[in-house]
Amino acid sequence: MRTRSAPILIAALALSAGACASTPDQPEERPEVTAPATAALWDPCTEVAPDLVRQMGVDPDTKTSTATAQPNSKYCTWHDSKAVWAYHLGILSTSFPLEAIRRTKPAAIETAVGGRAGIQDRPADRQCEIVLAVGTGTVYIQASDNPAARNPPDPCTRALDVANALAPSLP
């Protein structure tokens, strides 16, 4: 089971950033939206060391670089096991500012990790997201449990633990 909310969030933000109202008398105006090239973004798949991945409770050998179809984001996922996994971790690096993401998550609560402003959101019972400001962009941390997992720890506790472990290595 893979979660898809991070790529969906990025697509929604990209669409809303370029959308403007038009009238029949006036052509639609679209401001030019520029985002850093993907190559310039911090890449969780290459920048998170295997030892840190283990510290976050996942197996480095389960790493998957997931395409988001957006040129302004990089997404990487891991599981706790190659076989039947109980815990999934996704880390997304994006050029979208924290304020843009905050507007898409009205139920999110404010948080801070390692001196960085952020938000915490729980979009599903077994899923938690922490989004941290990184320069002019954000790093999005998503922890979720397999529905078949027995007595899993709280996903927000996991996401916060990962954010605390990851924060010192963020740009």
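The values are calculated or read from the model by the stated rules, or taken from the named source; none is laboratory data. A quick note: this is a predicted structure, and the numbers were derived from the prediction, not measured. FYI the Cβ positions are ideal-geometry reconstructions off the backbone, even for glycines, and counts take in every protein chain you see. All accessible areas refer to the heavy atoms of the entire protein, side chains included, with ligands and DNA or RNA removed. Shrake-Rupley method; radii C 1.70, N 1.55, O 1.52, S 1.80 Å.
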Return the pair list, or none, for Cβ contacts closer than 8 Å from residues in the stretch 149-171 that are part of a helix (DSSP H, G or I) to residues that are open to solvent by less than 10 Å² (accessible area, probe 1.4 Å) and acidic (Asp, Glu), at least 6 apart or on different chains. PRO155/ASP145; ALA159/GLU129
Could you count how many residues in the stretch 82-114 are farther than 19 Å from PRO168 by Cα, open to solvent by less than 20 Å² (accessible area, probe 1.4 Å) and part of a strand (DSSP E or B)? 2
Against the condition hydrophobic (A, V, I, L, M, F, W, C), assigned to a strand (DSSP E or B) and open to solvent by 40 Å² or more (accessible area, probe 1.4 Å), how does ALA117 come out, does it pass? yes
Please give the number of the condition TRP78 fails out of (1) in contact with a helix residue (DSSP H, G or I) (Cβ under 8 Å, 6 or more places away or on another chain); (2) under 17 Å from PRO147 (Cα atoms); (3) at pLDDT below 95. (3)
